[in-house]
Ligand SMILES: Cc1ncc(COP(=O)(O)O)c(C=O)c1O
């Protein structure tokens, strides 16, 4: 990627409009930079239900691409589709007709809204709260930390069981103070794919009069189908007393195009605190149901279409096949010497750690074989690992995956590890964490092979090893600095 030198000019809007074929030639060239997710070898980010569902989603998306969700009185079609989806999802997760909710752009927006709503409602009902806090098991998604930063709610993290990686209700209870407004649990957690003990946490929330958000972004769609198929799925939805809000994503295991999620509340009295209206300006009267204001109807229509296209029959079949494949994969991985699946995944997501081989090198070796596995750094009692989110698009490749994983572990065993961490640690030895600044961050990035403005090519093992050896605070600083380097103004050509 280019950055601008003195003798160059900044990229400009073309004076003359480009021809269609030129435009798409350029867009295709950009697209070639991306991972080939249609291969079925991408075990994260992508939820691909096949060509037919994709076409249905895209057709509906295009049909409502230009309609705006800003004003339901001008575009009531969008409001109707939103109410349809909210109603279906409320019933799907044990809710009644008191449940109120909205369609959002993704899990993060749903979670941001849940935290803001709990904060604003508590401001009204609990004036004694001086600085609102939320109690999060360490496995709660990073989006809650984002919400904390955006809405100034303090995060109080609690440990999870070191064998099951599930939240510890006792630890959560001990963390509750007079400032606590919200408890959080996952169904399942992203990092380990396990469902927290939601009924116990619900009891705690209920008895203390706290909000309780269940993050079912991953599981909300599929867990009820797994239960129907006879799997032991613990209660996680509005059937649990104490649950006050729940998020679930269409664009994950609902297999709809991005950006599609839903935030649900136990009732409209709570949901009222999510809404925003502004009349303190001379422009149009603004009334927003979610964070976005102007928003395309595309994602909503696409979600509506794909949910109706697949139907419970389609989803149930996906659930059955994906669960079967997950169990086979987990068993196969646990049989590979040196690898171990962390906890017992309740759905189709899990993580794999090793005491004898560098997991980041395994990720690189798998990449050479055409696979994308997601590296995860150590945190709390969770060691560094790689993550797999299995979907219907990967289930036919399990034997292939296991074969390549065996080879990759053998190769990774031959690779040296630890040297790069020693080099960086020695170089940083004299720098106190609180004196880290742009200069030494730049040094660290250079040591990690990250050049300004560039995505590191090739192996990422060393970069991940370095990040893994640093404190979470330093990791965060580096990651932000990295982003700051990536998104830059470009020169014209
Ligand atoms: C459990 C959980 N919650 C929330 C999110 C955030 O969702 P999104 O990426 O759609 O914002 C994720 C994303 O993976 C997740 O796994």
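If you check residue 327 against the conditions, is it at pLDDT 95 or above, under 25 Å from residue 256 (Cα atoms) and touching a helix residue (DSSP H, G or I) at 6+ places or on another chain (Cβ under 8 Å)? It would help to see each step written out before you state the result.
Details: at pLDDT 95 or above: yes; under 25 Å from residue 256 (Cα atoms): yes; touching a helix residue (DSSP H, G or I) at 6+ places or on another chain (Cβ under 8 Å): no.
When the stated conditions are applied, residue 327 does not pass them.
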Give the range 391-418 a look and list any residue that's assigned to a helix (DSSP H, G or I), surrounded by fewer than 16 Cβ atoms within 10 Å (Cβ to Cβ) and without any contact (Cβ under 8 Å) to a residue 60 or more places away in the chain, or say none.
399, 400, 403, 407, 410, 414
For the range 170-193, check the following and say yes or no: at least one residue is farther than 26 Å from residue 121 by Cβ and away from the ligand (no atom under 16 Å from the Cβ).
yes
Neighbours by Cβ (under 6 Å, 6+ apart or cross-chain): first from the range 252-267, over 16 Å from residue 236 (Cβ atoms); second assigned to a strand (DSSP E or B) and within 12 Å of the ligand (Cβ to nearest atom)
261/104; 261/249
I'd like to know if the range 338-351 contains one or more residues that are farther than 18 Å from residue 475 by Cβ, in contact (Cβ under 8 Å) with a residue 40 or more places away in the chain and surrounded by fewer than 14 Cβ atoms within 10 Å (Cβ to Cβ).
no
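Within the range 210-221, restricting attention to residues that are closer than 17 Å to residue 185 by Cβ and assigned to a loop (DSSP other than H, G, I, E, B), which residue is farthest from the ligand (Cβ to nearest atom)?
Initially, the range 210-221 is screened for residues closer than 17 Å to residue 185 by Cβ, giving 210-220.
Now drop any that are not assigned to a loop (DSSP other than H, G, I, E, B), which leaves 210, 216-220.
Details: 210: 20, 216: 8, 217: 4, 218: 5, 219: 8, 220: 10 Å.
Result: 210.
Looking at this structure, is residue 224 at pLDDT 95 or above and either in a helix (DSSP H, G or I) or away from the ligand (no atom under 16 Å from the Cβ) (or both)? Break it down into steps so the answer makes sense when it comes.
Details: at pLDDT 95 or above: yes; either in a helix (DSSP H, G or I) or away from the ligand (no atom under 16 Å from the Cβ) (or both): yes.
The answer is yes for residue 224.
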With the requirement that a residue be exposed (fewer than 10 other Cβ atoms within 10 Å of the Cβ) and either under 22 Å from residue 364 (Cα atoms) or over 30 Å from the mean Cα position of the chain (by Cα) (or both), what does the range 32-56 give you?
32, 33, 34
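The values are calculated or read from the model by the stated rules, or taken from the named source; none is laboratory data. What you see is a predicted model, and the numbers here were worked out from it, not measured in a lab. Cβ: placed from backbone, ideal geometry, glycine included. Neighbour counts: every protein chain shown.
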